[in-house]
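Take a look at the structure set out below.
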Amino acid sequence: MPRTPGCPRRWALAAWLLAPGCFDPTHAPARSGDASSSTADTGSGDTSGATHAPATDGGSTTGESGPQGDASSSSTIASGDDDGSSGEGTTGARLGCGDGSFDPGSPPFANVDSIAAPTPIAEIALVDLDGDGIDEAIVAGADAAMPGIYRITNLAGVAQAELLPGSDDELSTALVVAAIADGIPDVVTLVPAQNVARRWSGLGGGVFTAPEDFVGSSELAEIALADVDADGAAELLAPQPFAGLWVWHGSADETFAAPTAVNGNVCCELATGDVDEDGSDDVLVGSGYGVQLMLANGNGGFAAPFAWLPLTDGNYPVGALALADVDGDLHLDVLIAGDQLISIYPGDGAGGLRARIELAADGDVVVLAAEDLDGDGCDDIVAATAAGDVELRMSTGEGAFADAHSYAIATGADIADIELGDVDGDAVLDIVVAAPELADGAALVLRSSP
């Protein structure tokens, strides 16, 4: 669907629904009355589908539930009552998800186009910068000898690339494009050689200012923009492996305060969204061997302690994280991908997580994305494997998925990034893949229609 410029992406469902001017009721999916919870294989023999804390393999790990905004407690994992019901949160009215099938005569994503770029592409962000209903790309180069941040337009035709001012001096990583406070998307990257986060402020229509640097710390691994204090201005978030999550608090004038660090256990993966639906974005952080959900307390901090989510051997090492509504109950779910497995913890809307659902993958998952590809109200999963394949899992609702559709588009090459957006203006999402090891280093577009 067309997105309002500067609105959160669809996978941050709660933020998208709550953001002023972002929810278009003409695109609201129809609801159905089935409010049952999903039946899941928890790995511990429990297939009741009851709302309760996920079971660990070889033991259980639960967080103490507490009131929202109480910094002395955590509702990261909701404890289950003896009768199998949850003490807080609601399942929500489930939506009428499709059956995950496609018309055999016109399969989606059958056409693969290549996007020419001046440099091999490592990071992609898709955003409608000029309000025409068609996404453009902001890309970061992968080659230190050819650094640069480029705006690429006309992704469905003859692509045109334009270098952002001051972006060709050092290699940038961990690209994010989002509005901070004024509704106009800005571009933010990490510049490892200088230990800074760098921002290009958007002026509208795809025009950006000269860059501004924010001093950070060494070895920052990822970056995100999210409003963790519910003041209408996004914070800049960047984890430093095993040193802390650095937070630059944003303000209405789009300036940032000096950074502070929290939670020394964080590492390399990052996803954000309002999991407990209190109006402030929460943070999902992961390292090679652990994942934590940090619930914002509404005052700019996070409710502690931060419980570790129970994982299985198939989740190690953790390759990618995402937050999405894959079961259609209007609550964000936690997705964790790793060694040939995608684990899903359905959210209850109050910061609690229900029984784990497991999806086998055809390879080690290194990149994960989730949005509603077929317009049925349930987010679908797109995963990239270490073998260079793109695997599509269409949600059929209540934690079930259709058989995988696999696309061997970058065999033998690493896939660095996947983004979902409408690059041809047909109001249906396309899949854009960055595989810098391919011969031309170009991005590939799997088109949703011929």
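The values are calculated or read from the model by the stated rules, or taken from the named source; none is laboratory data. Here the structure is a predicted model, which is why all the values come from computation and not from measurement. Neighbour counts run over all protein chains shown; Cβ positions are idealised from the backbone, glycine included. Keep in mind that these areas ignore ligands, DNA and RNA; they rest on the heavy atoms of the full protein, side chains included. Shrake-Rupley method; radii C 1.70, N 1.55, O 1.52, S 1.80 Å.
For the reader, a short list of remarks on this structure follows.
- I415 long-range amide H proximity, modeled H, under 5 Å: G388
- Nearest-10 value in Å² for the accessible area of D414, using the 1.4 Å probe: 80 Å²
- Segment 169-284: relative contact order as a whole-number percent, Cα under 8 Å and 6+ apart: 19 percent
- Segment 243-392: C-alpha pair distances exceeding 28 Å, %: 21 percent
- Computed over segment 159-203, Cα set: Rg, Dmax in Å: 11.3, 32
- Accessible surface of segment 218-316 [probe 1.4 Å, protein heavy atoms]: carbon and sulfur percent: 50 percent
- Computed over protein heavy atoms with a 1.4 angstrom probe, the accessible surface ordering of W308, W200, W246, largest first, is W308, W246, W200.
- Once the chain from D213 to E437 is taken as fully extended at 0.36 nm per residue, the excess over their C-alpha distance is 77.7 nm.
- Applying Stokes-Einstein at 4 °C and 1.567 mPa s to the Kirkwood radius of segment 382-450, computed over alpha-carbon pairs, gives a translational diffusion coefficient of 101 µm² s⁻¹.
- Computed with a 1.4 Å probe over protein heavy atoms only, the accessible area of H405 comes to about 60 Å².
- Fraction of alpha-carbon pairs over 27 Å apart in segment 183-310 - percent: 16 percent
- Remark: spin-label model distance D132-N299 equals 4.9 nm, labels positioned 7 Å along the Cα→Cβ axis.
- Label-point separation in nm, L203 to A257, each point 7 Å along Cα→Cβ: 3.1 nm
- For peptides 189-199, 172-182, sequence by mean Cβ density within 10 Å, most packed first: 172-182, 189-199
- Segment 338-399: relative contact order as a whole-number percent, Cα under 8 Å and 6+ apart: 25 percent
- Counted residue by residue at 0.36 nm each, then reduced by the alpha carbon distance between them, the extension gain from Q160 to A360 reaches 68.1 nm.
- Protein-only accessible surface order, largest first, of D327, D213, D424 at 1.4 Å: D213, D424, D327
- For segment 360-366, 3J(HN,Hα) computed residue by residue from phi via the Karplus equation (6.51, -1.76, 1.60; θ = phi - 60°) reads 6, 10, 7, x, 5, 7, 10 Hz, glycine and proline entered as x.
- Based on protein heavy atoms only, segment 288-430 ends up with 25 Å² per residue of surface accessible to a 1.4 Å probe.
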